[in-house]
1. How about the stretch A:185-214: which of its residues are in contact with a helix residue (DSSP H, G or I) (Cβ under 6 Å, 6 or more places away or on another chain) and among the polar types (S, T, N, Q)?
2. Please list, ordered by residue number, the helices (runs of 4 or more DSSP H) wholly in the stretch B:202-277 having 1 or more residues that are among the charged types (D, E, K, R) and over 23 Å from residue B:33 (Cβ atoms).
3. How many residues are exposed (fewer than 15 other Cβ atoms within 10 Å of the Cβ) and within 19 Å of the chain's Cα centre (by Cα) when one looks only at the stretch A:241-273?
4. Can you name the condition, by its number, that residue A:40 falls short on among (1) touching a Ser or Thr at 6+ places or on another chain (Cβ under 7 Å); (2) within 13 Å of chain B (Cβ to nearest Cβ)?
5. Out of B:78, B:66, which single residue is closer than 18 Å to residue B:217 by Cβ and in contact (Cβ under 8 Å) with a residue 24 or more places away in the chain?
6. Of the residues in the stretch B:23-42, how many are farther than 11 Å from residue B:159 by Cβ and basic (Lys, Arg)?
7. Please name all residue pairs, on different chains or six or more residues apart, with Cβ atoms under 8 Å, provided the first residue is in the stretch A:251-265 and is closer than 18 Å to residue B:110 by Cα and facing chain B (nearest Cβ under 7 Å) and the second residue is part of a helix (DSSP H, G or I) and of a type in the set (Asp, Glu).
8. Looking at the stretch B:108-120 only, could you name the residues that are at the interface with chain A (Cβ under 7 Å from one of its Cβ atoms), in a helix (DSSP H, G or I) and either among the β-branched types (Val, Ile, Thr) or surrounded by fewer than 24 Cβ atoms within 10 Å (Cβ to Cβ) (or both)?
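The values are calculated or read from the model by the stated rules, or taken from the named source; none is laboratory data. Just so it is clear, the structure is predicted and the values come from calculations on it, not from any experiment. Counting neighbours? That spans all protein chains shown, and the Cβs are built from the backbone with ideal geometry, glycine included.
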Amino acid sequence: MGCVYGLVAVGLGLIWGVMDVINFAHGEFLMLSMYSAYWMYTLFRIDPLLSWPIETALIFLLGYATYKLIIKRVVNAPGLTALLATYGLSLMLRNLAQFAWSANYKYLPDTFLANKRLLMGPLIIGWPQLAAAAGSILMSVAVFNFVGRTRMGRAMQATALDRSAAQLMGIDSESVYAFTFGIGGACVGVAGALLATFFPVYPESGAIYSTLAFVIVALGGFGNIRGALPAGIIMGLAETLGGFYLGTEYKYTIVFLIYLLVMQLRPKGLFGW
Amino acid sequence: MGKNAVRERNALLALIAAMCVLPLLTRNVNTHHVIIMILLYASLGEAWNIITGLAGQTSFGHAAFFGIGAYGAAMAYFKFGVTPWIGMAVAAVASAVVAAIVSYPVFRLRGHYFAVATMAVGEIVFQLFVAWRWVEGATGISIPVAPEGLATFQFRSSKLPYAYIAIALFALAAFVFHFVSRSKFGFQLRAIRGSEEAAMAIGISPARAKLTAMVLSAALTSIVGSAYAQYVLYIDPFMVFSMAISMKIVLLTVLGGLGSVWGPVLGAAILIPLSEYTRIAFGGTGRGVDLIIFGALIVLVACFEPQGIIGLARRLAQPNANRKGGADGDVDTKSDAARTSA
């Protein structure tokens, strides 16, 4: 779970870090990706393990379009306006999903990996979960490399540091922003496809990921997307172990408490500066 | 008091007087309901505006105080059989104490780290109430029926008494905000918003000022929460503690205009009827059409009027003015100067 949290948070953190925009619709992007994985399987029998590039592309386009249609108009507005816009968008997407596909839980019970388990001594790990963890790590590393190594990635970093200086160097900050939103979306595109193999799909399914992703991004530290992956893993472990030892009703309490405690020691996040 | 302050006070008094007449103009129960919700949310917005609009500390966790207030009033009658007013007072003190306790660690964080921390606090309080058996956990509390009257805070034959209580609450919240924003303390908070270092350099204690603002804001929010519980007479943690409440407070204030006494009123007067009437018109479909429209409208407003409605109003009032309020400008220049010299 932690790795998936990490990947969702990487996407959120990328947008947050580069554009200083809090994307409240991030969880809804995830939810839409899960739905598209569900429909790919139900309609065309394409297993989520194979269809993930399609979901990723779809959510990339959704992110790109969101920037061009909405965020572009609010990115320079005072602080909380962008938040207003993305919150409205999240409300809209969630209820559109409910309108189109009803609020019922949808499961994918017979995908390739479903119900297969890996036994390692006393540990029982489901293959879908394992695949999700591995896929999340791979995608996160791919994003880190993209941001660190490619021309577009470096343009993103430059724009994050100082937008006007980057523009003076000939960087088209418009397309950088649109691309950042797309990549942020692509992260949840992958995460959604992998989650759909073992997590019920319903209009609210992205909501808790949104809240957790905020906490994880902050725990990792803003401006350092590499921090989000380990922070996600820590929170995933905290949730599982806390839920196991103290009871499931306290698992999120533990997660949020850990954030508050860690921030006392490192007020700018574990890996922030 | 300066000239602007007097003008603002008189305008507020006029607005409240007009509000007192408004519920008498109609007997429609739906209209009364919408008026009550506007006033309650406007009061929440005023309370939140103290900590975020003036002091610049974005709180995403105000549902915690709202919920404590709601539970205080409900528990007073449900468990102890005493008047909800006592519960309201106890809850306001409790909220203030909670605010003081969490403020100490949370205010060490800046900017987004602070905002996420308030969200974490809100969620923790929420989760604890869901798990807490003594307050009936996730089942919620149905406040037992009591004879009508001010003492029991229950009125069934008409919504008018609730409307007047809501007006009184709004007057309280708006005047607290008005006096805070025009006082020396209010200017200290604005200085902190501009730059904490600069504020410290001119002898303000940011820690103490932010703590006072938070405690005040939390107590006000809690009082409104108590009134809300007595109005709907049934509460559960999902209703009163959820992020949606915190976000609604943020939304309507930002929509109306941050840091101004008129912002929350304007925002609530637009947002609440929108959400209530789309719900009445389309809510019956059970498929969320009301929220689709509501969400789309929020997006549209944010895109085309990023300064909030108050920005539009200001532009209409002074076509050539392209500046922020005078006082705000002063503080900003001062802090910039201090930063350069530091």
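1. A:197, A:205, A:210
2. Details: elements: B:206-232, B:237-240, B:243-256.
Here the list reads B:206-232.
3. 0
4. Among (1) touching a Ser or Thr at 6+ places or on another chain (Cβ under 7 Å); (2) within 13 Å of chain B (Cβ to nearest Cβ), the lone unmet condition for residue A:40 is (2).
5. Details: B:78 fails: closer than 18 Å to residue B:217 by Cβ.
B:66 is the lone residue from the list that is closer than 18 Å to residue B:217 by Cβ and in contact (Cβ under 8 Å) with a residue 24 or more places away in the chain.
6. Residues meeting the conditions: 0.
7. Close Cβ pairs satisfying both conditions: A:256/B:123.
8. Of all residues in the stretch B:108-120, those at the interface with chain A (Cβ under 7 Å from one of its Cβ atoms) come to B:108-109, B:112-113, B:116-117, B:119-120.
With the extra rule that they be in a helix (DSSP H, G or I), the set shrinks to B:112-113, B:116-117, B:119-120.
B:112, B:113, B:116, listed by residue number.
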